[in-house]
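The values are calculated or read from the model by the stated rules, or taken from the named source; none is laboratory data. For clarity, every value in this text was computed on a predicted model and none was experimentally measured. Glycine gets a Cβ as well: all are built from the backbone with ideal geometry, and neighbour counts include every protein chain shown.
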Amino acid sequence: MDSADLQKLVTRTMPFGKYEGRLIADLPGHYLNWFARSGFPSGEVGRLLALMHEIDHNGLKSLLAPLRRGH
């Protein structure tokens with residue numbers, strides 16, 4: 001993970017599925033948990049979803065607040 005990945009969480013949207021169009025940072029925890037159980041997709045989207053799952057699971061969503069203010 002690098003700092004650019006954190007910025008991507010608050011700027012990239014989910015490209016498919018039930019929450020298509022929603023910011024990755026705004027995906028609900030149960031959806032991220034489903035990916036963690038079922039498997040994250042390959043590529044950048046999967047990497048970002050896995051990162052967001054770790055942030056959400058550990059109660060660290062507040063760390064993204066300063067990044068949101070910049071956008």
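Structural remarks
- When residues in the range 1-47 are screened for being exposed (fewer than 10 other Cβ atoms within 10 Å of the Cβ), part of a helix (DSSP H, G or I) and either within 9 Å of the chain's Cα centre (by Cα) or of a type outside the set (S, T, N, Q) (or both), 4 of them pass.
- Within the range 19-46, residues that are more than 16 Å from Leu60 (Cα to Cα) have Cβ atoms under 9 Å from residues that are among the polar types (S, T, N, Q) and at pLDDT 95 or above in these pairs: Tyr19/Thr13; Glu20/Thr13; Gly21/Thr13; Arg22/Thr13; Leu23/Thr11; Leu23/Thr13, counting only partners at least 6 apart in sequence or on another chain.
- Residue list for the range 48-71, restricted to those being at pLDDT 95 or above, more than 14 Å from Asp5 (Cα to Cα) and part of a helix (DSSP H, G or I): Asp56, His57
- Lone unmet requirement of (1) surrounded by fewer than 16 Cβ atoms within 10 Å (Cβ to Cβ); (2) within 22 Å of Arg69 (Cα to Cα); (3) in contact (Cβ under 8 Å) with a residue 24 or more places away in the chain for Glu54: (3)
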